[in-house]
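Quick notes on the structure that follows.
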Amino acid sequence: MITEKNKINPLDVAMRQVDIASERLKLDPGLLEKIKHTKRELIVHFPVKMDDGSVKIFTGYRVQHNLTRGPGKGGIRYHPYVDLDEVRALAMWMTWKAAVVNIPFGGAKGGVQCDPKIMSLQELENMTRRFTWEIAMMIGPDRDIPAPDVYTNPQVMAWIMDTYSMLKGYTVPGVVTGKPLELGGSLGRFEATGKGVFITAQEAVRHLNIPMEEAHIVVQGCGNVGGIAAQYFERAGAKVIAISDSKSGIYNEKGLNISAVLDCKKRYSCVITPEAKMGEEITNEELLELDCDILVPCALESQINQKNASKIKTKLIVEGANGPTTPEADKILHDRSIFIIPDILANAGGVTVSYFEWVQNLQELLWSEEEISERLTRILRRSFTEVLHISQKEKVDMRTAALILGIGRVAEATKLRGIYP
Ligand code: NAD
């Protein structure tokens, strides 16, 4: 597991992916330069009152990578390792992702370098509100719409929405997505990313002839994406044999009771306790190398890399996380015929239902859960088919195919808009 930051720079990974795809697309060099650059970057250093009366300075970022196809869209991450290059890479992946599922958003991302695990709720609220004030000049329903990412949640979105609304003088629900339902959040948004991971996995197992009911699943990360995806796999009759959090993992070859593991995580802040005999403790490194049918990384970037790619024993990788696989690992896995559903397709359920939430907020509509589920499923299935088709036609792996689709759409839109003035 990568724990020390900067061992692998996510922006290098994102840039290399663009190079691989753009070679196939034969992009004009000027156009390639434009889409490789972020449009706007804001770095803020801001004070926060802590519970002990002291004042601490935090550093936060908001990056808009590309706004050609619509307003910026992308989560806000609270993590000690957040830095400018990570946020740039995540913003770039958002641009390609929105284009792959063909929704009218550009790509953006934000984050604050902090350790939310050692902060009180009050400190988190103070930090969120001040960060919102600092980036208020960049965000807005028709400019850039944040959402939850690692260690942020609907409560954080509620504070952002409230602070932004106070600044404007009226309630602006459309400034963020992933809000609580009571504040204009959409039905189905909380589970959308994990559900999307499952929907795309269903398409892949059908293509690969792997019976879902007999599949052994390994999930890294048990947060919003990993925890929910694991529940969907379990409900479909598959066996989730291992799952982890940042500290360790739990493994049971007979299959875990996911609700019990998630309950344990909620109560004791870990997936395994010495008393609970639900399975044996394993490290995150061991978890990634378990023998399984479907491996679902849902934690951080670069978890599957040159060091462990040859030891991965799975048929299918479904990337719930953003950027979990490096280009070196991609090549090794491709040579070993391991099928990958890339992040910009596998976890696009989140941005898709975020789009539904935004549409409902702007038009003051309320869609039913069935309507949302049906639209989400349709969009993800169509996108999977389009990517698979490109992969077969161009004889490239699924990531390159998805990038060809996403970058190709952004490039076309850029050409049509032209260069101002
Ligand atoms: P989360 O905060 O809800 O959960 C993160 C999970 O990762 C937790 O279980 C945590 O314990 C685990 N984790 C953290 N560090 C780890 C490490 N070093 N090793 C193993 N596990 C670790 O976050 P999330 O929303 O589930 O996001 C997970 C991933 O999915 C991120 O890459 C994020 O960018 C991506 N993603 C999230 C969404 C969304 O809608 N939330 C959408 C698309 C992509």
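Remarks
- The set of residues from segment 217-273 being within 15 Å of the ligand (Cβ to nearest atom) and acidic (Asp, Glu) comprises Asp245, Asp263.
- Candidate set from segment 185-209 (those that are under 14 Å from Ile340 (Cβ atoms) and within 16 Å of the ligand (Cβ to nearest atom)); member that is surrounded by the most Cβ atoms within 10 Å (Cβ to Cβ): Val197
- Residues of segment 15-55 satisfying the condition of being in a strand (DSSP E or B) and open to solvent by 100 Å² or more (accessible area, probe 1.4 Å): Arg40, His45, Lys49
- From the list Ile199, Ile160, Ile145, the one residue that fits, being touching a Pro at 6+ places or on another chain (Cβ under 9 Å) and in a helix (DSSP H, G or I), is Ile160.
- Those helices (runs of 4 or more DSSP H) lying entirely in segment 333-421 with at least 3 residues more than 15 Å from the ligand (Cβ to nearest atom): 349-363, 369-394, 398-417
- All positions within segment 169-183 that are more than 11 Å from Pro154 (Cβ to Cβ) and outside any helix (DSSP H, G or I): Gly169, Tyr170, Thr171, Val172
- Residues located in segment 251-285, provided they are outside any loop (DSSP other than H, G, I, E, B), surrounded by 17 or more Cβ atoms within 10 Å (Cβ to Cβ) and either among the acidic types (Asp, Glu) or in contact (Cβ under 8 Å) with a residue 40 or more places away in the chain (or both): Leu262, Lys265, Ile282, Asn284
- Scanning segment 56-78 for residues that are more than 20 Å from Glu412 (Cβ to Cβ) and surrounded by fewer than 21 Cβ atoms within 10 Å (Cβ to Cβ) turns up Lys56, Ile57, Phe58, Thr59.
- Residues in segment 323-373 that are in contact (Cβ under 8 Å) with a residue 12 or more places away in the chain and among the hydroxyl-bearing types (Ser, Thr, Tyr): Thr325, Thr326, Thr352, Ser354, Tyr355, Ser368, Ser373.
- Test result for Ala136, of a type in the set (Gly, Ala, Ser) and out of contact with any Gly (no Cβ under 9 Å at 6 or more places or on another chain): yes
- Residue check: Thr152 meets all listed conditions (1) over 17 Å from the mean Cα position of the chain (by Cα); (2) closer than 21 Å to Val87 by Cβ; (3) buried (at least 20 other Cβ atoms within 10 Å of the Cβ) but one, namely (1).
- Residues (in a helix (DSSP H, G or I), over 19 Å from Glu86 (Cβ atoms) and open to solvent by less than 10 Å² (accessible area, probe 1.4 Å)) located in segment 303-332: Ala309
- Qualifying residue in segment 99-107 (condition: in a helix (DSSP H, G or I) and in contact with a Gly (Cβ under 8 Å, 6 or more places away or on another chain)): yes
Per-residue answers, yes or no, for (1) of a type in the set (S, T, N, Q); (2) more than 16 Å from the chain's Cα centre (by Cα); (3) away from the ligand (no atom under 13 Å from the Cβ); (4) open to solvent by 20 Å² or more (accessible area, probe 1.4 Å):
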{"position": "Arg88", "(1), (2), (3), (4)": "no, no, yes, yes"}
{"position": "Trp96", "(1), (2), (3), (4)": "no, no, no, no"}
{"position": "Asn102", "(1), (2), (3), (4)": "yes, yes, yes, yes"}
{"position": "Gly107", "(1), (2), (3), (4)": "no, no, no, no"}
{"position": "Gln113", "(1), (2), (3), (4)": "yes, yes, yes, yes"}
{"position": "Lys117", "(1), (2), (3), (4)": "no, yes, no, yes"}
{"position": "Met127", "(1), (2), (3), (4)": "no, yes, yes, no"}
{"position": "Gly140", "(1), (2), (3), (4)": "no, yes, yes, no"}
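The values are calculated or read from the model by the stated rules, or taken from the named source; none is laboratory data. Keep in mind it's a predicted model, so treat the numbers as computed, not measured. Ideal geometry is used to build each Cβ from the backbone, glycine not excepted, and the neighbour counts take in all protein chains shown. To get the accessible areas, we keep the full protein, side chains included, count just its heavy atoms, and leave off ligands, DNA and RNA. Shrake-Rupley method; radii C 1.70, N 1.55, O 1.52, S 1.80 Å.
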